[in-house]
Each structure stands twice: as structure tokens, then as C-alpha cells.
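A.B. asks: First the structure, which I've put down as C-alpha cells, then a few questions once you've had a look.
The values are calculated or read from the model by the stated rules, or taken from the named source; none is laboratory data. For clarity, every value in this text was computed on a predicted model and none was experimentally measured. Because the Cβ atoms are built from the backbone with ideal geometry, glycine has one as well, and the counts that use them run over all protein chains shown.
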Amino acid sequence: MLKEEILKRRTFGIISHPDAGKTTLTEKLLLYGGAIQEAGAVKSNKIKKGATSDFMEIEKQRGISVATSVLAFLYKNKKINILDTPGHKDFSEETFRTLTAVDSVIVVIDVAKGVEKQTEKLVEVCRMRKIPIIVFVNKLDREGKDAYDLLDEIEKKLKLKISPLTFPIGMGIDFKGIYNLWERNINVFLTEEKQKISKTNLFNSLEDNKLTDLISEKSLKTLKEDLELLETVYPKFSEEEYLKGDLQPVFFGSALNNFGVKELLDCFINIAPPPRPKECEERIVNPEENVFSGFVFKIHANMDPNHRNRIAFIKVVSGKFERNTPYLHVRLKKKFKYSSPNEFFANKKQIINTSFPGDIIGLHDTGNFIIGDTITSGEKINFKGIPSFSPEHFKYINNEDAMKSKQLNKGIDQLMDEGVAQLFILSLNNRKIIGTVGALQYDVIKYRLEHEYGAKCSYENVNFYKACWVESIDEKSEEFIEFKRTKNKFLGKDKLNKLVFFADSLFTLQMTKEKFPKIKFHINSEF
Ligand code: G4P
């Protein structure tokens, strides 16, 4: 029973550079699942595009993640969970965290723009973690790069070994359809009915007379040549290699026109992995284990501005989660029951009674959770893999309304729990420093403090280059005492009270490392 449920689940993330078509693709996938009837349901939550200011970018990003943090739907007896990953670079830390909760990813690439920076970074993380990757080349209805050049670019820039499973017939105004190498048929592109599930115009043989009526003989000839070439140039697809993260299938299509999406989805549910074992500090946890375990990979506060609420998103790793059952919050060493755990079907929330590995549950939280927390049936384990990285930007945060200092502190604490940024306290003067990955977060924090907590803040620049977590084998050693004495002005604590050294430049960091060889300086908190 548990095993059956596990085998039914596919939990994945779609990653892309902004505007490559992630939202559009998500929406079309939901259409197949019958989760929404009309395209536009996901999109309408997105703040209208076209605004140029960075600030609107925040709203847009927040708009997307609020509406589509998690989307579940059923398709051909598979339960599919899509996890949203913000595309904007300033939100990349959130994306990295979400990647700890997926079992595979689909990477969307814009045929005209090719491989973009943000995609490179995210794919690198997936590659390192051996997450199975499927590539979807989007916007074939537009003029773009030559398919072979693009495949070359994907291999080189993303360092992937690829095997096309569909291949386009023409492009832009000449886009005639795609050949499906997986199912060995041709789907001819007709533009009507693009917002609904259109009837496909499938042909099983290249020799079908009707096919030449729809696509020219010239196109057909090119396709035949392409197919021969593809076989010689690219490795044959192997599911085993894909699952090991060693081979990546590529699909072509147009999400907007709902073309090539079904091919992608049908193959996806066949090859994408069900929930996989996950490493914790103590051991490896298998989904089939009977006892429940899961971890928090995302926290979202104040999703509804009219109600103060906060939801912790938990990925179920093993066993069965049940409503109203006491589970151990490992870090707090306390048991809690959850009376209204939520699941997210399309863009609706609903209370669930049970969840299985691969599922994402939203738990109402009154401030007990931070990102990375583990909950279990009773075992004291800690899931790995959600480290904090050194921020790139640092600013002092000041209170601008003396009457609201309580609100300000509460707001800062909650936003940090959500993982929006990191808070440090500089030992020298006890002042609060906010560290972020991108500059946009400062605007987000300021805006949210004001609108959600009624507090006002201002920032002051601090000239730091990196925050390094300090590890010393012997805290009583002369070297460590000397380090603390001479670097006193540059020391602080993170939220968990861990010692942090702020280097003001790469040069200082190198000099400090040389001067104190027995002390280790880590640029992420998990060492
Ligand atoms: P994102 O989530 O990755 O940021 O991308 P999103 O889906 O929002 O798509 C970005 C833009 O690209 C949208 O246009 C969308 O309609 C368009 N798009 C997506 N897929 C295709 C496709 O297959 N072909 C073509 N031609 N365009 C596609 P927009 O004008 O920015 O937004 P909207 O006004 O359509 O909402």
C-alpha cells in the first residue's frame, strides 16, 4: 500500500531563466491534469508584466511564489507535485532550497535566447546533486537558434550529455510540428485551440500521404535527414543513465501553443523517478520505511494579507503523515499535532488526512519552524542539505519608528525564518546586520516590514565582502584566543548563535586564513 503510493508520486521543479516560459508550461501541465479548465488560471495570479522597476519585480516574484508554491495534480494515475522555483537571480537561494525537495527537474530554455546565466547556475546545482534532468526547449513558434546549435550550446554551457527525445520540424513561421523519437510518431502543428488540450494530429509513419498535405515535401525530407543524423550524433536514450543524472533527454515545443507538452508529460510520468531516499546526518532514510519523516524546505508568512498566518512547507520523505497525530519536532525536542494540514491542488488549498512520500504538506505554524527543521514519528534525525550560504550584501538595519520596535524585531525574526535573508549581530556594537544574496531583498524586507508588521526601517551600508562561519578544533588554543582578540571588530553571531567572521575583502580573508591556519573559515553554515 505504502509502496504503491510512493510509486505513484512524481515531485519535481521547473527551473528556468525568467521569461523562458516556466509559468506557461506549468499552466499547460495543469491543464492536462484537469486541475484547471482554461489556461490563464495560474497566470492571473502573476502581477501584470511590463512594469519596469525592480520593485515590481519583487511583487511579481512574490506573486508567483504565493500562488504557485506547490501545485499537485493527477495525470494517468500518477500524483504529480510541481514545486515553484523563483527564476530571478536575487531569489536563487530560495530556489536552491526548493531543489532539496525535488526528485527531478525540468529545465525550460527559450529557443531564441538559448542557455541563460541563471539556468547555468541552477543546472550546476542539479548536476552536482545528481538530480535527473529533462530539458524542454520552448517557443518553437518563434524564430530562434538552429536546433543543432542549441543542442550544442546545452551540452557545452550546461555540461550535460543529451539525447533528444523529440525534434522540431522547422521553426518560427515554418514550424510544422515535432517528431517524437520516444513514441516514434509525428505531431503536426496546427495553431487553433491553443489554450485547450487540442486534438493532436498524430502520424505514425513518415510515409503517410496525408502528412505531405500538412507539411511540405521539403520539410519531410529535412526531417528524414535529421533523424538519421540524430541517431549518429547523440547517444541513445537510457532511462538508467537519466536516473543516475548522467544523461538528459531533450524535448522541443511551444508551451504557449500547448504543443509538445503532452509528449513531455507522457514521457515524464514514465521515466521521472518516484520519491528517492534522502540523506540525514545519521543515516539514509528510505521512502518505504513505515515511520513518518519529513523536513521543512520553505516557510511562507502572511500569504493572505488579511489574516496573519504562516505556512511551513514539508516534504514527506518516508512513511505516512496523518492529521492530528503527534510528531516530534526534532530541533525543539517537542511533539506537536496538526489539525489542519494542507495540500495544494492547482491553486486551491485543501485539508488532507494523510500524505505520502513525495507529497508536500503545508502546516500552519505559529513560529515553531525554521527552514531545514525535521519532523518525525519519534526518531531523532536531521535531514541534511539546506545550508545557509554567505550573503553577498550586508547592511545595518535601523529602526525608524521608536514606537514600533517590537513589531520590527518580530518582523525581522519571521522574515529570517522564512529565509528571505540572514540576520547577524555584530559583537562589537550589538547592531543587527542583514545579509542577502541579492540587492532586491532589501526592498522586499522593507516593504514587507511596513505592510505586514507596520514597522519602518532604514539601512546603512557595511563594507563586508563575505561572512564566514568559524570553526576551531580547540577554542581554548592560543591561536583562537589571538584570533578573537585581533579580529574583534569583525566578529558576530548568526541566528543560531554560531560565530561568524566578516571579511572586508578577499585579501583580508586570505591573510586571515594564513595567519590562523588551524582555524577553518566556511562560506556555508553546514560544515
Ligand atoms: P516565466 O514564468 O519563465 O517567467 O515565463 P512565462 O511563462 O511568464 O512566459 C514569459 C513570456 O513568454 C510570456 O509572454 C509568455 O506568454 C511567453 N511564452 C511562453 N511560452 C511561449 C511559447 O511557446 N511561444 C511564445 N511565442 N511565447 C511564449 P509575455 O508577453 O511576457 O506575458 P503574457 O502577456 O503573455 O502573460
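A.B. asks: Based on what the data block shows, is Ser472 surrounded by fewer than 16 Cβ atoms within 10 Å (Cβ to Cβ), small (Gly, Ala, Ser) and in contact with a Phe, Trp or Tyr (Cβ under 7 Å, 6 or more places away or on another chain)?
C.D. replies: no
This table checks each residue for (1) of a type outside the set (Ser, Thr, Tyr); (2) within 13 Å of the ligand (Cβ to nearest atom); (3) at positive phi.
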| position | (1), (2), (3) |
| --- | --- |
| Lys76 | yes, no, yes |
| Lys79 | yes, no, no |
| Pro86 | yes, yes, no |
| Arg97 | yes, no, no |
| Ala101 | yes, no, no |
| Asp110 | yes, yes, no |
| Cys126 | yes, no, no |
| Pro132 | yes, no, no |
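A.B. asks: Let me ask another. Have a look at Lys476, Lys489, Lys495 and point out the one that is in the same structural domain as Met416 (by TED's automatic domain parsing) and either assigned to a strand (DSSP E or B) or free of Cβ contacts under 8 Å to residues at least 24 places away in the same chain (or both).
C.D. replies: Only one candidate passes the filter, namely Lys476.
A.B. asks: When residues of region 228-277 are filtered for being within 16 Å of the ligand (Cβ to nearest atom) and in a strand (DSSP E or B), how many remain?
C.D. replies: Result for region 228-277: 5.
A.B. asks: Here is a further query. I'm checking my understanding of the structure. Among residues of region 385-432 that are of a type outside the set (A, V, I, L, M, F, W, C), touching a strand residue (DSSP E or B) at 6+ places or on another chain (Cβ under 6 Å) and in a helix (DSSP H, G or I), which one is surrounded by the most Cβ atoms within 10 Å (Cβ to Cβ)?
C.D. replies: Ranking the qualifying residues of region 385-432, first place goes to Asp417.
A.B. asks: I'd like to verify a number: residues in region 347-356 that are more than 24 Å from Ser104 (Cβ to Cβ) and either small (Gly, Ala, Ser) or buried (at least 23 other Cβ atoms within 10 Å of the Cβ) (or both), how many?
C.D. replies: Number satisfying all stated conditions: 0.
A.B. asks: Then there is this: Please list, ordered by first then second residue, the pairs with beta carbon atoms under 9 Å, 6 or more apart or interchain, first in region 254-267 and without any contact (Cβ under 8 Å) to a residue 12 or more places away in the chain and assigned by TED's automatic domain parsing to the domain that holds Ala20, second of a type in the set (D, E, K, R) and assigned to a helix (DSSP H, G or I).
C.D. replies: Cβ pairs passing all conditions: none.
A.B. asks: Spot the failing condition for Leu99; the list is (1) among the aliphatic types (A, V, I, L, M); (2) surrounded by fewer than 22 Cβ atoms within 10 Å (Cβ to Cβ); (3) more than 12 Å from the chain's Cα centre (by Cα), and only one is missed.
C.D. replies: (3)
A.B. asks: Taking the conditions exactly as written (surrounded by 13 or more Cβ atoms within 10 Å (Cβ to Cβ), farther than 22 Å from Ile371 by Cβ and touching a residue at least 40 places away in the same chain (Cβ under 8 Å)), does Phe516 satisfy them or not?
C.D. replies: It is false that Phe516 is surrounded by 13 or more Cβ atoms within 10 Å (Cβ to Cβ), farther than 22 Å from Ile371 by Cβ and touching a residue at least 40 places away in the same chain (Cβ under 8 Å).
A.B. asks: I would also like to ask the following. Considering (1) buried (at least 22 other Cβ atoms within 10 Å of the Cβ); (2) assigned by TED's automatic domain parsing to the domain that holds Phe292; (3) at pLDDT below 90, say which one Asp359 fails and leave the rest.
C.D. replies: (3)
A.B. asks: Output the residues belonging to region 278-305 that are surrounded by 14 or more Cβ atoms within 10 Å (Cβ to Cβ), among the aliphatic types (A, V, I, L, M) and part of a strand (DSSP E or B).
C.D. replies: Passing the criteria: Val285, Val296, Ile299, Ala301.
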